Every structure is written in C-alpha cells, then in structure tokens.
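The values are calculated or read from the model by the stated rules, or taken from the named source; none is laboratory data. Only a predicted model underlies this, so the values are computations on that prediction, with no experimental measurement involved. Please note: Cβ atoms are built from the backbone with ideal geometry, for glycine as well, and neighbour counts cover all protein chains shown. The area values use the complete protein model at the heavy-atom level, side chains included, leaving out ligands, DNA and RNA. Shrake-Rupley method; radii C 1.70, N 1.55, O 1.52, S 1.80 Å.
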Amino acid sequence: MEFELTEALMDARKKAREFAIREMTPELARKHDLSEEYPDDLRKKAFASGILDYSDPWKILVTMEEFCRIDAGTGIASIATLFGMELIMLFGTEEQKQEYLVPLNSGQAIMGLAVTEAAAGSDVAGIKTTAVKSGDGYVINGSKMFITNGQLADFLVVLTRTAQPDGKRHHGLSVFIVDMDSKGVSRNKLSGKLGVRATNTAEIVFDNVEVPAKNLLGEEGKGFYYIMTFFNISRIYVAIQAVGIAQGALDRTLELIERRGTGSIETEKEQVLMTLGEMATRIEAARLLTYEAASRLFKFNPDPKLTSMAKAYAAETAVHVTEKALELTGVEGLAGDLERSFRDAKIMEIWEGTSEVEKLIIARTIGRERMKAKAEKSGGST
Amino acid sequence: MMAEEYQLLRSNIRDFAQKNIDSIAVKIEQGGLSPETARSMASQGFMGARIPTEYGGTGLDERGYMIVLEELARCSPSAAVRVLIVNSLFVPLVMASEKSREILRDVASAKTNVAVDHCGLLEGHSGTSGVMIEGGRARGRVDYVLNASADAIIVAANDPQNSLLLVRAGLRPAEEHPRLGLRGLNFSSLIIDSTDFEKLSENGSRLIEAAVSDMDLEVAAVSLGIAAGALAKAVEYSKARTTFEHPLKDYQPVAFGLSLLRAEEEIIRDFAYKEHHAAAGKTMARVRAAALARNATNQALQVHGGYGYFEDFGVEKFYRDAMALSILFSRGTKDMERLSEQVFGSKAGFL
C-alpha cells in the first residue's frame, strides 16, 4: 500500500498550482463570477501551457484539485471542456474517436453531456427526449436542462429514448453524438446560478434534429448502462472538485486568521483550533476516499460504492468547510474570496447525482454484496 | 396588543408582502431594493415600525415589530434587513440626542435612507473606522457598510471622545465588496467628506456595540422568516415535483427532514415571541434561530435539486442570506460568551 503520489504527479500538481495562482487571480475569478461569462482566454491559456494532459487521468485529477483550490468557477470552466468524452472513449467506434476526440484533446473543440431534463434529474430513466429511426438515421425531439458547456459545445453526447420501456424504465434508452450546428438545435443560456458562475449552463432544445446512424454511440438500447458507467467516472472528478474547494477555503481561512492575529494560528483560542482541526481532518478523509476510488477506476476496476462515498462525502465536506470558513473569518471572509467558495461548494451536492442518490447507491451496493456473499457461502456448503 | 391583534397584524403584513414584495423578490436581488419599494414599505408603517408616533413613526411594540421583520424576510430578507437597520440600529442611536430626532420623520417616510457603521465591530474585522473631525469637517473612509447607498450614516469617529456622529451628507460609496447575501442592499466601503454632521453622544463604538447586542429578538425574527420562507418553498416543491414516479414528499428522507425542520421552526418561533424573556432567553432565540435558518435553507435548496441552484426559484437567496445575516448581524464568539455568562452566572468560555 502506497500513499505517495509519483514524482511525475507531484510535478503535475506543482505546475497546475503555479498556473492557477498565476492565471486564476481573485480579480479574474470575481469578474467571471459577477458577469457569468465563460473564461475562454483562460481555457486557451490552459491548453497552450501544456498542463492539461488528458491521456493521464491522474494528472487531470490533481490538476482539477489544484484549479478548484484556487477557484472552482474558472477552474472547472477551463478544464472540463471534454465533459463526457469518456463515453466516446469507452463506447465509440474508431471513426467516432478520430472525428470527435482528436479536436477535443488539442483544445480545438468543446463538448458536453446532455442527460438531465426539466422533469428528470436524479431519475435518469424518466427522460422524455426521443430519437426515432427515419431513413438512414434518427430524428431527435425534446429538450435538455442544466447542460454544462451547453452553449459553447461543438457537439453534445445526448441520452434519448429510442424504444418504449418493456416493463423496465431504464430499457430503451440510447446515446447519440449530436453536432450543435445541426438544423433544429437551439440553445438558451441559463443565468443566475448560485455559484460556479464562470461555467456555462444552457437549456438545449431539439426540434426534429436529424442525426446520421453513424452518430449512435455503442448499441441502441444500452444508453442507461453507458450513462451510469460514465457517472462512475465523472463522480470521481466532482469529488476532487469538492476536495479542492474545501482545501482552498481552509488555506484562505488560515491566511486570514494569521493575518489578523499573531501571525500563527497556534495562539488562537481552542474553539478556533478545534474547528480548524476538524476542517483539516474532513478534507484529508475526503481526499483519501477520492484517491482510493480513483486508483480503482484508473486500473479499470471501479468500485461504485467507493466512488459514491467519495463524491457524497467530499461534497458535504466542501459545504461544511466553506461554512465554517465564513464563521471563522467573519466580515473579512464575507467580503473576500471565501464567500464565492461557499456558493460554489453547494453544487457539489447536486450535480452528477445528489448526495441522497449517492447514499442510496452506497447502501444498495452493500446490500447486493452481502446477498452475493451469502449466496456464495450457501452455494459452497451444499 | 392582544393575541388576536398580533394575528391580524401578521396576516395583513403577509398579504402585503405576498402581493408587493414576493413578486419582485428576484428583482430586488438583481437590481437592489428600489426607493419605490422602500416608500411602499414606509406607507405600511414598516420603515418607522419602532419610531415613536410623535416623530411620524408607527410606534409598534417589540412583538409587532418582530412580526414585520419576519414576514418581510419570508419574501425578501433584504427588505427585512433594510427595516432592521433603521429600527434596531439607527433609531436607538439617534434617540440618544434629543435635537437630532427630527430626522426620524424623513426616515419613517423613507425620504431619507440611512445606515449605521456597525460592521467594524463584528468579528473578523481588523481595521478601525477612519473618520476624523478636522476644522468642522468629518472625513475618512469606512469599510464594510451595509446599505452604503444611504443618504445619512451614524459612525463612531476617531476622536478622543470617540464621538457618535450622524453624518447627513457627503457620503460616497467607494469600492463595492463581493456580496454573499442581502443583495438588495449595497455593501461597500464609504468615503465620507462632510460639513453636515452632528455629534449624538460620546463613546460611539460602545453605543453601537450595545445596539448590536440589544437586537437579539429582532435578528431572531429575520432568521425565522428566512427559515420559514425557504421551508414553505421546499414543502410546496416536494408536493409538485415527481421523481422515480412519486412526489418527492412521499420519500421518507424528504418528508421527515422537512417535517423536523418545520417543528424546530414552530418551537423557536413560540419561544422567541413569548411575552417575557430572561436576558439569556433572548440570546438563545438569536443563536438557535440563526442555526435553524442556515440548516433549513441548505436543506430547502437541496430538495429543489438543480432548480434550487438558480435564482429564479427564489430559494438560493435564502441560503445566501441566512449565512450573510449570521455574519453581519451576529457577533459569533461575543454572542456565545454573552450566552455562556448568562447560563453560568459568571464569566465563562473565555480561555
């Protein structure tokens, strides 16, 4: 058992941190937080800097952690331009990979994933967008809600219903790659988010959008399984975003307390020290859970239970730590960069599966594991 | 007032707030609380809730005033805090000087918009107010002023008497601070350069500090309004929203969680509004109501899922405001020390 990052990863972390400190200045972060405009210059700089190596998921993980530690809004906006690409990597044809993944990796293209609908969030199988076979392809109708990168994306990976469910709601779903310049696609930017306001969020409407058959991802009818597989990947990245936000809030809290006090937190009263001690402990626990879940996933042996634990716990940690950070720093925290962390943190408990959904997954997986163990035991004894 | 009268007052204010404040609550968040809205609140007697009738106010008793604050906060915490700044900070400080009380007429009618430099006394503020008096001018810069677009402000000056000054003109909001909550009110530093000021009293900082400590029940009322507003939205939403083919409310974690918070809301409200309070009781109401507001708004937002994260649904503002209120109108450790001293009967919790 090893708890050290490799030298290459420590180097990636250092470079990411240097870039974030240099480029994601409080002024830039505040500007995009206020205007809700996407930081496209920052994205270009991040790609040009060479620190975004999407071929190594560990590097992306630590880079995302360091970006979010400095600023979650601009950080996520500049690194999550490939959101959903694992679906193409895992289930796409060679042709699809060539056409769509190559421009993504170079920063030439932006993508997004369109699953959520106005009436179907956690309940993925409740989606209503349809794709109907027509001639050589499919025709998509429906609309998608809260789509990250929605307005910027060159293409989206879209979950649709291709057949009525045969008694099981999650059957009959299929995934398509849809070019956003297709006729019949319209997009409306959604404004007024509580946090991560530098990220772009949109509602996408598909009105008789024709999609060629070659844009079907994987097999027809297996969409639900693909999306769940993807969530088991993306939840790890959300977990690390939350860890980064929490760590950044602790960093800023320590700085503010040192500055207004004696220069060292050691002279603070016990109430302050104990709160800081608990914040630091939770962050470390969330980080370890996330790294463990990641190490299994990156060895192609994901553990959905651990992944959901990491995501739910890290998200709650981010909310808890940013709240305590404001309590400890008072007016200065409120009128500084900590208030943004507090607003950014809350989305971690919502996107990619709410904390409630994660906890259900954890308990149900434990239940399945126990039943399986029991079956094996009784199978062995007879 | 009798119990029925309080009830009538509450239902009247709720009607007004539903019609006139709730409908523009998102606009207040985006563009600030307009002078027009301030005037409409003044016409109902809210702006001068605690101003004596002889100075054009409503002269409400404490409980009546709490109802005003709570019902406004249910729709727009910014609107409630605007009333709070006037009646819990500005009014008691101005009352210290008989000759200055005339200003209260224009405050009650919302003709004059006022602020008090109280944030300098809160935790996490290392700076001091920099207002000096030199040759008949009051000048300097004050950080962290809530409602900084005011026409008049009360500040504690940096002179040997630590004079409490009422500055009537020459205010200019400078650098705007990031705003977590109470976005209907401007929050920025203020440049003061004025010959139009008067001295209300000496020991200004101590008087402002006393006013902040003395508003336990009022702050509790705003916190209760925030909790009640957020929970009402969450209860309604969980009836209407379906997931996995059932309304949210049919699921135990949603129903039990919101029900327990509603229970806490009722219990704290009953406690806060009771007729007689020991000193500790008021502080207890303040700290428990603040904790409820933060917890309830967090869970209310969570029940709304992705929609809760967007301002249109009017629930995220409660989450921001609960936190902002608990920083801008509480004194964290000092409140807890005050409470502990009352509970233990001697100084406690100071090491």
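Which positions within segment B:260-303 get 10 Å² or more of their accessible surface covered by the other protein chains, compared to the chain by itself, with a 1.4 angstrom probe?
When all protein chains are present, B:Arg294, B:Asn298, B:Leu301, B:Gln302 each give up 10 Å² or more of accessible surface.
Can you give the net charge of the other residues whose Cβ lies under 14 Å from the Cβ of B:Leu258, counting K and R as +1 and D and E as -1?
On the way: positive: B:Lys233, B:Lys239, B:Arg241, B:Lys249, B:Arg262; negative: A:Glu356, B:Glu236, B:Asp250, B:Glu264, B:Glu265, B:Glu266.
For residues surrounding B:Leu258, the net value is -1.
Write down the Kirkwood hydrodynamic radius of segment B:64-204, to one decimal in angstroms, obtained as one divided by the mean of 1/r over all alpha carbon pairs. Working shown, then result.
Numbers: mean 1/r = 0.0651 Å⁻¹.
Taking the inverse mean of 1/r over all distinct Cα pairs, segment B:64-204 comes out at 15.4 Å.
Using a 7 Å offset from the Cα along the Cα-to-Cβ direction at both B:Lys27 and A:Lys214, what is the distance between the two label points in nm, to one decimal?
The two pseudo-label positions are separated by 5.4 nm.
For segment B:20-124, report the accessible area per residue in Å² (1.4 Å probe, heavy atoms, rounded to an integer). Before the final figure, lay out each step's value.
On the way: 3450 Å² over 105 residues.
Computed with neighbouring chains in place, this is 33 Å² per residue.
Can you tell me the accessible area per residue over segment B:263-331, all protein chains present, probe 1.4 angstrom, in square angstrom?
On the way: 2220 Å² over 69 residues.
With all protein chains present, segment B:263-331 gives 32 Å² per residue.
Which number comes out as Rg/Rh for segment A:309-382 once both Rg and the Kirkwood Rh are worked out on C-alpha atoms?
Numbers: Rg = 19.7 Å, Rh = 14.7 Å.
Ratio of gyration radius to Kirkwood radius: 1.34.
Please work out the FRET efficiency for the pair B:Glu62 and B:Asp250, using the Cβ-Cβ distance as r and a Förster radius of 45 Å; give the result to the nearest 0.05.
Calculated transfer efficiency: 0.60.
Out of the chymotrypsin sites (Phe, Trp or Tyr not before Pro) in segment A:1-85, which ones are loop residues according to DSSP with at most 13 other C-beta atoms within 10 Å? Please report the intermediate quantities before stating the final value.
Working: sites: A:Phe3, A:Phe19, A:Phe47, A:Tyr54, A:Trp58, A:Phe67, A:Phe83; in loops: A:Phe3, A:Tyr54, A:Phe83.
Within segment A:1-85, the qualifying chymotrypsin sites (Phe, Trp or Tyr not before Pro) (loop, at most 13 other Cβ atoms within 10 Å) are A:Phe3.
Over all distinct alpha-carbon pairs, what is the Kirkwood Rh of the protein assembly as shown in angstrom?
Values: mean 1/r = 0.0363 Å⁻¹.
So the Kirkwood estimate lands at 27.6 Å.
Could I have the simple spin-label model distance between A:Ala363 and B:Gln342, label points 7 Å from Cα toward Cβ, reported in nm to one decimal?
Reported label-point gap for A:Ala363 and B:Gln342 is 3.9 nm.
Counting only protein chains, not ligands or nucleic acids, how are A:His171, B:His277, A:His32 ordered by accessible area (probe 1.4 Å), most first?
Numbers: A:His171 65, B:His277 40, A:His32 15 Å².
Largest accessible area first, the residues go A:His171, B:His277, A:His32.
For segment A:176-251, build the convex hull from the C-alpha positions and give me its volume per residue in Å³. Numbers along the way, then the final one.
Details: hull volume 9.8 nm³, N = 76.
It is 129 Å³ per residue.
Taking the Kirkwood radius as the inverse of the mean 1/r across Cα pairs, report the Rg/Rh of chain B.
Values: Rg = 20.3 Å, Rh = 20.8 Å.
That ratio is 0.98, to two decimals.
Report, in debye and to the nearest 20, how large the dipole of segment A:71-211 comes out about its Cα centre when Lys and Arg carry +1 and Asp and Glu carry -1 on their Cβ.
Values: 12 positive and 15 negative charges, 104 e Å.
In total the dipole reaches around 500 debye.
With a cut-off of at most 14 other beta carbons within 10 Å, and DSSP calling the residue loop, which GluC sites (Glu not before Pro) in segment A:263-294 qualify? Please list them.
On the way: sites: A:Glu266, A:Glu268, A:Glu270, A:Glu278, A:Glu284, A:Glu292; in loops: A:Glu268.
For GluC sites (Glu not before Pro) across segment A:263-294 that sit outside H, G, I, E and B with at most 14 neighbouring Cβ atoms in 10 Å, the list is empty.
Would you give the gap between the C-alpha center of segment A:134-153 and the C-alpha center of segment A:244-270, rounded to a whole Å?
Each part reduced to its Cα centre gives a spacing of 46 Å.
Provide the buried accessible surface between chains B and A in square angstrom, both chains summed, 1.4 Å probe, rounded to the nearest 100. Please report the intermediate quantities before stating the final value.
Details: alone 16030 and 18120 Å², together 30630 Å².
When B and A are taken together, about 3500 Å² of accessible area is lost.
Tell me, what is the FRET efficiency for A:Ala163 and A:Glu7 to the nearest 0.05, using R0 = 41 angstrom and their Cβ-Cβ distance as r? Write out the running numbers ahead of the final one.
Numbers: r = 51 Å, r/R0 = 1.24.
Result of the calculation: an efficiency of 0.20.
Once amide H atoms are built 1.01 Å from N in the peptide plane, which residues 5 or more positions from A:Leu190, or in another chain, come under 5 Å H to H?
Amide H to amide H, under 5 Å and 5 or more residues apart or across chains, A:Leu190 pairs with A:Thr201, A:Ala202, A:Glu203.
With the full set of protein chains in place, find how many percent of the accessible area of the protein assembly as shown is carbon and sulfur; take the probe as 1.4 Å.
Details: 16000 of 30630 Å².
C and S fraction of accessible area: 52 percent.
Please grab the % of Cα pairs in chain A that end up more than 34 Å from each other.
Working: 21685 of 72771 pairs.
The calculated P(r) of chain A puts 30 percent of pairs beyond 34 Å.
When the dipole is taken about the Cα centre of the protein assembly as shown, and only Lys, Arg (+1) and Asp, Glu (-1) are charged at their Cβ, what size is it in debye, to the nearest 20?
Details: 87 positive and 101 negative charges, 202 e Å.
Roughly 960 debye, rounded to the nearest 20.
Quick one: which of A:Lys44/B:Lys317; A:Lys44/A:Lys359; B:Lys27/B:Lys249; A:Lys144/B:Lys317 span more than 28 angstrom between C-alpha atoms? Let's see the in-between values first.
Numbers: A:Lys44/B:Lys317 33 Å; A:Lys44/A:Lys359 37 Å; B:Lys27/B:Lys249 30 Å; A:Lys144/B:Lys317 25 Å.
Pairs exceeding 28 Å: A:Lys44/B:Lys317; A:Lys44/A:Lys359; B:Lys27/B:Lys249.
Looking at chain A, which longest stretch skips every one of the trypsin sites (Lys or Arg not before Pro) that is in a DSSP loop with at most 15 other Cβ atoms within 10 Å, leaving the sites themselves out? Working shown, then result.
Working: sites that count: A:Lys128, A:Lys168, A:Lys183, A:Lys269, A:Lys299.
Longest site-free region, per DSSP loop and neighbour criteria: A:1-127.
Please check segment A:90-130 for residues whose accessible area, probe 1.4 Å, is lower by 20 Å² or more when all protein chains are in place than in their chain alone.
Flagged in segment A:90-130: A:Ala118, A:Ala119, A:Ser122, A:Asp123.
For segment B:274-304 and segment B:317-351, what is the centre-to-centre distance using only Cα atoms, to the nearest Å?
Using only Cα atoms, the two centres lie 12 Å from each other.
Could you work out how far apart the two model spin labels at A:Ser186 and B:Ala263 are, taking each label as a point 7 Å from the Cα in the direction of the beta carbon, and quote it in nm?
In this crude spin-label approximation the distance works out to 4.9 nm.
If r is the Cβ-Cβ distance from B:Ala3 to B:Lys334 and R0 is 35 Å, what FRET efficiency results, to the nearest 0.05?
0.55
Find how many whole Å separate the alpha carbon centroid of segment A:86-105 from the alpha carbon centroid of segment B:25-41.
Using only Cα atoms to place each centre, the spacing works out to 51 Å.
Solvent-accessible area per residue for segment A:19-148 at a 1.4 Å probe radius, Å²? Provide the component values of the computation, followed by the final result.
Working: 5060 Å² over 130 residues.
Result: 39 Å² per residue.
Quote to one decimal, in nm, the extra length available between A:Glu266 and A:Val132 on full extension: 0.36 nm per residue of separation minus the C-alpha distance between them.
Numbers: separation 134, 0.36 × 134 = 48.24 nm, distance 6.59 nm.
In short, 41.7 nm is gained.
May I ask you to list, by number, the DSSP H helices of chain B whose Cα span along the axis is at least 20 Å and whose average Kyte-Doolittle hydropathy reaches -1.0 or more? Intermediate values should be presented prior to the final figure.
Working: long enough: B:3-20 (25 Å, -1.17); B:62-75 (21 Å, 0.09); B:216-240 (36 Å, 0.84); B:252-272 (29 Å, 0.30); B:279-308 (42 Å, -0.16).
Span-like helices in chain B: B:62-75, B:216-240, B:252-272, B:279-308.
Which chymotrypsin sites (Phe, Trp or Tyr not before Pro) from segment A:284-369 combine a DSSP loop assignment with at most 10 other Cβ atoms within 10 Å? It would help to have the intermediate numbers written out before the result.
Values: sites: A:Tyr291, A:Phe298, A:Phe300, A:Tyr313, A:Phe342, A:Trp351; in loops: A:Phe300, A:Trp351.
Sparse-neighbourhood loop chymotrypsin sites (Phe, Trp or Tyr not before Pro): A:Phe300.
Rounded to the nearest 20 Debye, what is the dipole magnitude of segment A:202-349 about its Cα centre when Lys and Arg each give +1 and Asp and Glu each give -1 at the C-beta?
On the way: 17 positive and 23 negative charges, 86 e Å.
Taking the Cα centre of segment A:202-349 as origin, the dipole is about 420 debye.
How large is log10 of I(q)/I(0) for segment A:1-156 at q = 0.19 Å⁻¹ when the intensity is taken from the Debye formula with one equal scatterer per alpha-carbon?
-1.24
Computed from the mean reciprocal separation of all distinct C-alpha pairs, what Kirkwood hydrodynamic radius does segment B:142-265 have, in Å?
Numbers: mean 1/r = 0.0550 Å⁻¹.
So the Kirkwood estimate lands at 18.2 Å.
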